[in-house]
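First the structure, in the form of structure tokens, and then the observations on it.
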Amino acid sequence: MSGRVRSLIRVEGVVQGVGFRPFVHALASRYGLAGLVGNDGGGVFIEAEGPPSAVAALVEAVRERAPVLAVVERVSVTAVPPTGDGGFRIVPSVAGGPGRALVPPDVATCDDCLAELFDPADRRFRYPFVNCVNCGPRFTIITAVPYDRAVTTMAGFALCAACAREYHDPADRRFHAQPTCCPACGPRLALRAPDGTPLPGDPLTEAAALVAAGAVVAVKGLGGYHLAADAASEDAVAALRARKRRPDKAFAVMAADLAAARELCEVGEAAAALLTGPARPIVLLPRRAGAPVAPSVAPGGPDLGVLLPYTPLHHLLCRELARPYVLTSGNLADEPIAHDDEDALRRLGGVADAFLCHDRPIHAPADDSVLRVFRGTPAPVRRSRGYAPEAITLPWPFRRPVLACGAEQKSTFCLGQGHRAVLSQHLGDLEGHLALRAYTGEIERMRRLLGVEPEVVAYDPHPEYLSTKYALELDGVDVVAVQHHHAHIASCLADNGEAGPVVGVAFDGTGHGPDGTIWGGELLVASLSGYERAGHLERVPLPGGVSAIRQPWRMAAAYVGAAGLAAAGEPAGRLAVARRNARLWPAVSALAAAGGPAAPLTSSAGRLFDAVAALLGVRDAVTYEGQAAMGLEHLADPAVRDGYPVTVTGGAGSRLGGGRCATGSPGLVKDGHGATCALAAPVVIRSTDLVRAVVEDLRRGVPSPVIAARFHHGLAEAVVTAAGLIAEAAGIGTVALSGGVFANELLLGGVADGLRAGGFRVLTHRRVPCNDGGISLGQAAVAASL
Ligand SMILES: [Zn+2]
Ligand SMILES: [Zn+2]
């Protein structure tokens, strides 16, 4: 092998802000290569010159041994003439370039930085902004690409001599670490009163002392402000609830480390990996009996959301406080998280007793992500900080750039280009101008960062969603309406890298149905390119529309009527729920019976859970979505295995739980992938059977935990039967489960087990939530297939 070769190597994916250039620089030194490495708009470019075997070794290492935070999507190699270069250098970033580099998510403080943080001899001892090439803020501080300090919110902090030395030393962990800083040159903490005036003393010590004394302190984090309070103090947590106007929904608790988390909750292997991983989400875990947590932290459920510190500031607070503290998003009720300093003071001035802030601006808001672990596998509940804007790579390309606008609740949007679908961070419920502003602002920012000019815009056909209105006001784009439950199933398909066809079970609270009714308990034969509604839960009236969603007892009245219990002489007064709501029960029952626009029909699974929860006295009214259903799930007696029988009608006739379909008339349903569902009529799960059985057991005095369990098992078995009927008729062997109701582990487990026992493949969510937070991915995947 005589002579030298020179190769131009392009690396695409998440390769900026993850230590890629230092990694290449180190490789080049090891292999004795000359040349250069740099960032451009498309990723990392390398020119490597030397013996062919050494250049090949570098390419191999770039492909196979990239830094842990990098995601290498593509490496291309082109031969160029050798130049006789000596040495290897990192060259300045170049704007432009083919494609677009991906912006990395924020990364939790690494062990090396943590060691420095608590080393009294280190120059960054107790410095709350220590970070390096392996950790620190990214997504929330980046204002443009290619990623360099000048396009982060660290641009205003000039490096001191010591930091500059590290930054330019290829052997240093801070070599080209863009947000690097130290006490001499970087951001500083400040403690302020709610009116903005500075408070005396060391900000960190004083803030910790305030929390320890029962105060609520706003803490500026990576993606926004949080509110901190002593997790063991009922007074402090109750005050936080009252001021934040969040009566019931659980708060997350920050524990200092895994050992501290284990004092609060049962932490399995998968959960431990999530808690300590680079994304550091909130993980929902079974609370230990006697865990030192005030009752108001997480009322109404056995689980507790726990997270470990992910910034140096959190680590310092944990050390200072030496106890777990509530750390919840800095907002009022369902507003977006506050991330701008002035905005935080304005909005949280009435909530927090003090503000622990600093002068490193947050460019993009990002709430904490939330995951749970189901049978050892992580399941996202909210995909945000630490995950966004990591791309989901699809097996098929977007033919044209796509913007998918998502739904209304737990809103996200998705940008699709090439093989990449990039979901935004969680942007909250799109109600009110604050949420809408955050939503439209982030769409604009992400479009710029990713270099995506959408030509196709996918949206939910619900006419009242702000995301729908936004989509329909855009000029110069093709718009595609994607039905809500089709989008759920498409989301599950895309999550699993599949295109269908599948039988899709989409169970949630509410979605716009093309037949003018409110859908929410749907069985579809679906692929990405199309769907047919092959079955659904029995339709019942939704008396009073939105008020029936906030007051589950109204659904109990509707279901009691629909089940014929009122008409059949079941005196409503014998039901506790009717007695508790005696004043309005007759009117609501009459409203439901009359039907019409004030009581539209719904096949919603969420409303069925609401009705049963109210019948069992779990809740008559809710303050957040899914609250009654969660209570019902937690009420269920785990020792009870039997379920109520449910009639499943349709196809070749009526079946009772466990029945199988005899194929009816062929070829009724077709879609783009050639799936056919040969059912003569839609399959209907007669959910009033469940309500009748619940009322009968109530009348017999059967304990409500037994009834709750029988309800879950009965519904699960009916879903298995219905999906089986449809699958058999359509000749499909795979069932996808999606929609927020599948956050219910008892239902999810029962349905998945039953289907697998019947020989079906079952797809569930792994990377995006089953709730409306995952809808935008489904919309994008559908748009990509058109
Ligand atoms: Zn680090
Ligand atoms: Zn410095």
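The values are calculated or read from the model by the stated rules, or taken from the named source; none is laboratory data. Given the structure is predicted, the values throughout are model-derived calculations rather than measurements. Neighbour counts are summed over all protein chains in view; Cβ atoms, including those assigned to glycine, are modelled from backbone coordinates with ideal geometry. When the accessible area is computed, the model is the full protein with side chains, heavy atoms only, and any ligands, DNA or RNA have been set aside. Shrake-Rupley method; radii C 1.70, N 1.55, O 1.52, S 1.80 Å.
Details
- For segment 760-785 versus segment 484-503, the gap between their alpha-carbon centres in whole angstrom: 5 Å
- Isotropic mean projected area of the C-alpha convex hull, the chain (nm²): 35.4 nm²
- In a DSSP loop and with at most 14 other Cβ atoms within 10 Å, the trypsin sites (Lys or Arg not before Pro) in segment 62-138 are R65, R123.
- The relative contact order of the chain comes to 11 percent, based on Cα pairs under 8 Å that sit 6 or more residues apart.
- The chain - mean residue ellipticity at 222 nm from DSSP helices (-39,500 (n - 2.57) per run, n ≥ 4, rounded to 500): -9500 deg cm²/dmol
- In the chain, the portion of solvent-accessible area held by carbon and sulfur atoms comes to 55 percent [1.4 Å probe, whole percent, DNA, RNA and ligands not counted].
- When only alpha carbons are used to place a centre, segment 252-321 and segment 593-621 end up 35 Å from one another.
- Nearest-0.05 FRET efficiency for T276 and S547, computed from C-beta distance (R0 30 Å): 0.10
- Gap separating the Cα centres of segment 721-754 and segment 635-649, nearest whole Å: 16 Å
- Cα-based helix-to-principal-axis angle, 605-615 vs the chain, degrees rounded to 10: 60 degrees
- Student exercise, segment 691-786 dipole from Lys, Arg, Asp, Glu Cβ charges, in Debye to nearest 20: 80 debye
- Compared with the dominant Cα axis of the chain, that is its longest principal axis, helix 20-31 is turned about 50°.
- One decimal place: the segment R583-V91 gains 169.5 nm when fully extended, by the rule 0.36 nm per residue minus the C-alpha distance.
- Multiplying the residue separation of A593 and E696 by 0.36 nm and removing their Cα-Cα distance gives an extension gain of 34.9 nm.
- Förster radius 35 Å - calculated FRET efficiency between R346 and L786, Cβ distance, rounded to 0.05: 0.20
- Cα-based helix-to-principal-axis angle, 704-730 vs the chain, degrees rounded to 10: 80 degrees
- FRET efficiency for the pair R641 and S29, taken as 1/(1 + (r/R0)^6) with r the Cβ-Cβ distance and R0 = 56 Å, rounds to 0.30.
- The chain - accessible surface per residue (Å², probe 1.4 Å): 35 Å²
- One way to sum up the overall shape of segment 1-123 is the equivalent ellipsoid from its Cα gyration tensor, whose semi-axes run 28, 18, 13 Å, largest first.
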